[in-house]
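*Asks:* Quick one: the structure is below, questions incoming.
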Amino acid sequence: MKDKMKAWYQTGLLKQEEREIDSPIPHGNQVQVKVGYTGICGSDLHYFEHGQIGDYIVKYPFVLGHESAGIVTAVGEDVTDLKIGDRVAMEPGYTCGKCEFCKTGRYNLCPDVVFFATPPYHGTLAEYVVHPQEYCFKLPDEVSEMEGALIEPLAVGFHAIFQGGAKIGQSAMITGCGAIGLVTMLALKSMGVHEIYMSDVIDTRIQKAGSLGAKRVFNAGKEDVVKQLLKETGGEGVDLVIETAGNPVSQAQCVDLVRKGGVIVFVGMAPASAAEININQLISKEATIKTVFRYRNLYPTAIAAVAAGLPLKDIVSDIYPFSQTDLAFEKNINNKADIIKTVIEY
């Protein structure tokens, strides 16, 4: 076990520096993981650029990163399920296990969750981290460590489609072709939903969605998305609308896009200027609204889907070495239109 390691600390708005610190030591049910890959998430970028998300305020210095996988390098005295050398994907949050939400299986709603890179808890942009064995999932040979790091956003996609009750033969519309929109599409396709429409305003994302198998992708900056979607569906709309863009305009459009008796799932969070939803239209369609907050009990499902051939690695557009983590964040902030998903390789 190495005594020292390197970690990237956010030291202020749009500022990071690499530091050498003590390596964490696992105790009890914890394992030490040598991180192999970490994906850069939108929340990481928001903390980096703005210093807070809602009531979660960064206190500097702070380590970002929560989409990670790696190799177990040490285990605590109570660990029974993992051993040194196991490759694992880390579900980034662990909960109290005692509250109403934990006891009923809805642990993602636990008020006392400890979540990587959510203040005040440091993240995984460090060479080593410790984490409870219960939240470290073995990767089969068919799943790479890079794909293991991306299980986290894929779990969001699966949670979204299960909230919507997706089933084979349905039609779907996803607003937003960022990483979450794309993994949601991949999750839908794995469940037998192939009539999938998408929308975005960024050409790079639109092209990627098309290459991954969307039936049609609308450019929301140039087309009337509602008009075009209704034209494609004979005026009916789709069975399932999943909003991942977090944009008040696309949020409001969801009621127009869904067919009678359909389901709308809100995933993306909009700014304070929330969308104006046409409640009367929603009622007349007897449509259902569902929402998503992270995920629960889905890492095994997501890992199995990738092992079975779900092309998760295809959402990656940029890979940076750990030594250039600061450059990776800078590029994501300054070149948003050209980047779909960035991962850090250790």
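*Asks:* Mind ranking 197, 56, 107 by accessible surface for me, highest first, 1.4 Å probe?
*Replies:* 56, 107, 197
*Asks:* Could you give the length gained on full extension between residue 327 and residue 98, defined as 0.36 nm per residue of separation minus the Cα-Cα distance, in nm?
*Replies:* 78.3 nm
*Asks:* Gap in Å between the Cα centre of the stretch 206-251 and the Cα centre of the stretch 6-85?
*Replies:* Comparing the Cα centres of the stretch 6-85 and the stretch 206-251, I get a distance of 36 Å.
*Asks:* Here's another thing I want to ask about it. Once the other residues with Cβ under 13 Å from the Cβ of residue 165 are scored (Lys, Arg +1; Asp, Glu -1), what is the net sum?
*Replies:* Details: positive: 167, 290; negative: 239.
Once positives and negatives cancel, what remains is +1.
*Asks:* ³J(HN,Hα) across the stretch 317-322 via Karplus (A = 6.51, B = -1.76, C = 1.60, θ = phi - 60°), whole Hz, x for Gly/Pro?
*Replies:* Rounded to whole hertz, the list is 10, 9, 10, 10, x, 3.
*Asks:* Sorting 250, 43 by accessible area (1.4 Å probe), largest first, what list results?
*Replies:* On the way: 250 15, 43 35 Å².
Sorted by accessible area, descending: 43, 250.
*Asks:* Rolling a 1.4 angstrom probe over the protein chains, ignoring ligands and nucleic acids, what is the accessible area of residue 282 in square angstrom, nearest 10?
*Replies:* Surface open to solvent at residue 282 totals about 20 Å².
*Asks:* What are the residues whose amide H is under 5 Å from the amide H of residue 242, where those residues sit 5 or more places off or on another chain and H is modelled from the backbone?
*Replies:* Excluding prolines and chain starts, which carry no amide H, the hits are 173, 174, 175, 265.
*Asks:* Over the stretch 125-204, with the other protein chains present, what is the accessible area per residue in square angstrom, probe 1.4 angstrom?
*Replies:* Roughly 28 Å² per residue, with all protein chains present.
*Asks:* Still on this structure: Rounded to the nearest 0.05, what FRET efficiency do residue 337 and residue 53 give with R0 = 25 Å and r taken as the Cβ-Cβ distance? Could you check?
*Replies:* 0.65
*Asks:* Sticking with this structure for a sec: Within the chain, what's the longest stretch lacking trypsin sites (Lys or Arg not before Pro) that sit in DSSP loops with no more than 16 other Cβ atoms inside 10 Å?
*Replies:* In short, 223-346.
*Asks:* With contacts defined as alpha carbon pairs under 8 Å and 6 or more residues apart, what's the relative contact order of the stretch 150-230 in percent?
*Replies:* This gives 26 percent for the stretch 150-230.
*Asks:* What value does the stretch 37-131 have for Rg/Rh, both radii from Cα atoms and Rh as Kirkwood defines it? Display every interim value, and only then the final one.
*Replies:* Numbers: Rg = 14.7 Å, Rh = 14.7 Å.
Reported Rg/Rh (Cα atoms, Kirkwood Rh): 1.00.
*Asks:* Net charge near residue 48, counting Lys/Arg +1 and Asp/Glu -1 over other residues with Cβ under 11 Å of its Cβ? Please list the in-between numbers first.
*Replies:* On the way: positive: 15; negative: 44, 49, 326, 330.
Taking every Cβ under 11 Å from that of residue 48, the sum is -3.
*Asks:* Right, another one. Averaging sequence separations of C-alpha pairs under 8 Å and six or more residues apart, then dividing by the length of the chain, give the relative contact order as a whole percent.
*Replies:* Relative contact order comes out at 17 percent.
*Asks:* Can you give me the long-range amide H partners of residue 75? Hydrogens built in the peptide plane at 1.01 Å from N, cutoff under 5 Å, separation of 5 or more residues or another chain.
*Replies:* Hits under the 5 Å cutoff: 32.
*Asks:* If you don't mind, another one. For the chain, what is the convex hull volume of its Cα atoms per residue in Å³?
*Replies:* Here the figure is 132 Å³ per residue.
*Asks:* Apply the Debye scattering formula to the stretch 166-312, with a single equal point scatterer on each alpha-carbon and no solvent, then give log10 I(q)/I(0) at q = 0.13, 0.16, 0.19 Å⁻¹.
*Replies:* The computed values of log10 I(q)/I(0) come out as -0.54, -0.83, -1.18.
*Asks:* Still on this structure: Counting other Cβ atoms within 10 Å, keep those with at most 14, restrict to DSSP loop, and tell me which GluC sites (Glu not before Pro) in the stretch 198-306 are left.
*Replies:* Working: sites: 223, 232, 236, 243, 276, 286; in loops: 223, 236, 276, 286.
Qualifying residues, ordered by number: 223, 236, 276, 286.
*Asks:* Residues in the stretch 22-46, backbone N under 17 Å from the label point at residue 3 (7 Å along the Cα-to-beta-carbon vector): list them, ranges by number please.
*Replies:* Counting backbone N atoms under 17 Å from the label point, the list is 22-26.
*Asks:* Could you work out the relative contact order of the stretch 234-346, using alpha carbon pairs under 8 angstrom and six or more residues apart, expressed as a whole percent? Don't jump to the answer; show the numbers that get you there.
*Replies:* Details: 150 pairs, mean separation 22.4, N = 113.
Across the stretch 234-346, relative contact order equals 20 percent.
The values are calculated or read from the model by the stated rules, or taken from the named source; none is laboratory data. Source: prediction; values computed, not measured. Here the Cβ is made from the backbone with ideal geometry for all residues, glycine too, and neighbour counts use every protein chain on show. Heads up: the accessible areas ignore ligands, DNA and RNA and are worked out on the full protein's heavy atoms, side chains in. Shrake-Rupley method; radii C 1.70, N 1.55, O 1.52, S 1.80 Å.
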